[in-house]
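The values are calculated or read from the model by the stated rules, or taken from the named source; none is laboratory data. Note that the structure is predicted; figures quoted are calculated from it, not measured. Note that we place each Cβ from the backbone using ideal geometry, even for glycine, and neighbour counts take in every protein chain shown. All accessible areas refer to the heavy atoms of the entire protein, side chains included, with ligands and DNA or RNA removed. Shrake-Rupley method; radii C 1.70, N 1.55, O 1.52, S 1.80 Å.
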Amino acid sequence: MIASRTPVSLHSLLVAGGHGKRCVAGAGGRKRGRVQRRHLTQALESFWRHAPRPAPPAAAARGEANRSWQPPPLENPAFEEYYKEQRIVREEEWDDFISVLRKPLPATFRINASSQFFKDICSKLENDFKRYLESEVSDEYGEDAIRPLPWYPGNLAWHLNFSRKQLRKNQALESFHEFLKHESEVGNITRQEAVSMVPPLFLNIQPDHHVLDMCAAPGSKTFQLLEMIHQSKEPGLLPRALVVANDVNAQRCDLLIHNMKRMCTANLIVTNHEAQNFPDCRIANDLSEIYKKDCKPQRLEFDRVLCDVPCSGDGTIRKGHDMWRKWNSGMGNGLHLLQVDISMRGIALLKVGGRMVYSTCSMNPVENEAVIAELLRRSGNSVELLDVSNELPELVHRPGLSTWKVQDKGSWFQNHDDVPCDRKNVILPSMFPSNNSIQEGQSVCDDIEVNTDGISNSNTTKHSDSTPNSTSSNFPLHRCMRIVPHDQDSGAFFIAVLHKLSPLHECQMVEVTKTEVLDDDESLEEQKKISIDAHTSEDSNLTEVALVTDDVKNDQAESGNRMNKLQDQCKWKGVDPVLFFRDLTVIKSIVSFFAINISFPLEGHLVTRSADPNNARRIYYVSKSVQEILQLNVEVGEQLKIASLGLKMFETHRSKDGCPCAYRLSYEGLPLLLPYISKRILCASPNDFLRLLQYRTVNFAHFINARFGEEAASLIPGCCVVILREGHQNLDLGSITMDPTTIAIVCWRGKATLNAMVSPPDRKELLERITQRFGLKALRVEEENPRRQN
């Protein structure tokens, strides 16, 4: 077309048109003339459509503005003044610190060690991409363009010498970028900021632990917790541990649920509560009764609590450049009390002997050390602050501050007595390092000795100078951990690990009322936006808009015998009920159709979210630990607002092929159930397995191995499982299904075809694994379509 060539003038078009008219004389001239006039008309229309036109004055002004637009400056005098005054780094390293903050943050990701293809991904990184990147981009990004993070166990976390933006823009990195996107989509890797991976590591999770993630969305740390509890499980067995992931906002819960689907787990419950008012589902009224009965849970308690609270998020400033513009010291002040209340609730829900990790992606001591000091003040001798610096010796970190100041409206204060009377309701005593905020009934850990002269963390720990002539805290806050960007080319983070020594007193467990400290000239909406992008910036492939508070009404539990009450509806408005699926006729039909071994427990482990359990479209499987919490929740009147739980195991089908079983298997639940199935299993050669994945629907006669097609045709219509035969010819079926490396898919045996029931992302992953492993070529559907063969 004319628009794609050198610009043409209207005069040249008319001249060309004139020559065209003169050449139409003779036989057939009229027809050729009409054709050429039509071409001329089209050319003229194209010319007028694409010719430059004078822009209206307003549009011209906008264009001029766009040409003059410049990215926001990466500076904020108030930010620099604040952190210089707080002395979070030594004066001689300030220039290095601020310089790194202005540089793009390197991209990082983590490999899911519980993934079936974990070894394949590690091999591809080590043998393919690492060598390729070193040869192609080493001049631009250095010799170690990609390398494992030295402090993360098992070389599961990787550091890249380029940012996410550079990863998207650089053509040499295109194939690697596509690899990261796809593996992230299917749950084999998680793209996440390096420092965001640190807090779960300090929880020291064991195989039987119940873990609470209090502020979980968008879910990168929750996914990391699930990786930990699933990493060492045996084939066909669920771990005894579980994770309860909570978030205050319903929309963010949806995002959390979406991201957790990549894991396919029966050991997760997603709840929707204010973290500071998370219910304990207590049955006994007397606390002493809770610890007398060990046979049955009397309240909801956790072995580990991750308290990654909403924060100002200035530790993510290398990724969220808008933080330079919007940062102010009031952001941290406004969140301090909410952070204390959430953390205190976490301690109350923690078992004696349990461990809680408090963390923020903020550098502000008002959100960090001040919160920890207040927790220790309120908890008395029930809680201690642990020194865990030796647990990750390769992680470069610094001790927590023992001295800091509080800024309000440009003024600095060293203690609460100096705060003007009209600001004392905004600037709280707990924000200061002194002990002035001790309230009646609360005690300080007097037996803790603080040696500020010879703090020994790890060999890599560095120290910041104390602010002269300022009040210091009496608590061992040096045991907290600060990660600063220029130590290991990362973001900034704060971590503190607390150990519960004894139950809190009744006065310490008073329900936390909803608290929100607002500046007198700040609106509620402005305060809600304080923590925007704080968690999002940690999670490279997830999206989140953090709201500090949202109204979640926690109704009081009804009295009476609730276990015998019919579960016909959910007490939470707009939330589907969680009902145990107890239709024994359906369960027996499923067990018989697939010959499921009785050693796999189904009764009591199946739930549905349908209001009519007798017509449930989907049936989910829950672990024993999740089942116990569900039963407790029913007994206390559904205090937990459950947004999601369970692993999708069965779902109804609409086939009219005459299948005697009303339900089919779900691909998500197949790895768990496969070792217990002994009927309706087919073993396919790599070529036929590839063929089935490639075309999804294959006629029985079109399989390469005729015997395989005959075996498929011999089955009665309905759901079946197809296993990739990979060196298992001499092994029995039980050995194949128990092998964790076995590749299997759910299929449907139709009237004359076999249909693969696998999602596009999973199909793509399986196609890639099989073609690489066996050196096969995946043909395009356009090249050969068996459905069109004779």
Report task. With a 1.4 Å probe and every protein chain kept in, tell me what percent of the accessible surface of the range 577-650 is carbon plus sulfur. Result -> 48
Report summary line: Classified through the alpha carbon gyration tensor (a ≥ b ≥ c as square roots of its eigenvalues; rounded if a/c is under 1.5, else prolate when a/b is larger than b/c, else oblate), the range 591-747 comes out prolate
**Report entry** For the range 679-772, accessible area per residue (1.4 Å probe, heavy atoms of protein chains only), Å²
**Finding:** 40
Report summary line: the range 160-233: spread of alpha-carbon positions along the three principal axes, whole Å, largest first, is 46, 24, 20
Report task. Grab every C-alpha pair in the range 679-772, bin the distances at 5 angstrom width from 0 up to the longest one, and report whole percents. Result -> 3, 14, 28, 26, 20, 9, 1
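For the range 577-650, what value does the Rg/Rh ratio take when both radii are computed over Cα atoms and Rh is the Kirkwood radius, given to two decimals?
Values: Rg = 12.5 Å, Rh = 12.9 Å.
A ratio of 0.97.
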Query raised in the report: Reported to two decimal places, what Rg/Rh ratio describes the range 301-407 when computed on Cα atoms with Rh from the Kirkwood expression?
Result: 0.98
Report task. Set the Förster distance to 35 Å, then compute FRET efficiency between Lys764 and His321 from the Cβ-Cβ distance, nearest 0.05. Result -> 0.55
Report summary line: Measure of exposure for Cys122: accessible area at 1.4 Å probe, Å² rounded to 10, is 30
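How long is the gain from Asp128 to Lys181 if the chain were fully straight, where each residue apart is worth 0.36 nm and the alpha carbon distance is subtracted?
Details: separation 53, 0.36 × 53 = 19.08 nm, distance 1.68 nm.
My answer for the length gained is 17.4 nm.
Using only the Cα atoms of the range 105-189, what semi-axes does the equivalent ellipsoid have when each is the square root of 5 times a gyration tensor eigenvalue? Give whole Å, largest first. Write out the running numbers ahead of the final one.
Details: eigenvalues 79, 40, 29 Å².
Semi-axes, largest first: 20, 14, 12 Å.
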Query raised in the report: Rg and Dmax of the range 239-378 over Cα atoms: what are they, in angstrom?
Result: 17.4, 56
Query - Cα centre as origin, Lys/Arg/Asp/Glu Cβ charges: the range 616-713 dipole, Debye - result: 260
**Report entry** Accessible surface, the range 577-650, averaged per residue in Å² (probe 1.4 Å)
**Finding:** 39
Report summary line: Per DSSP, the loop-located GluC sites (Glu not before Pro) within the range 134-209 having at most 11 other beta carbons within 10 Å are Glu143
Query - Electrostatic dipole magnitude of the range 679-772 [Cβ: Lys, Arg +1; Asp, Glu -1; Cα centre; debye, to 20] - result: 340
Report summary line: When the charge dipole of the range 679-772 is computed with +1 at the Cβ of Lys and Arg and -1 at the Cβ of Asp and Glu, the Cα pointing farthest to the positive end, of Leu693, Ala712, Gly750, is that of Gly750
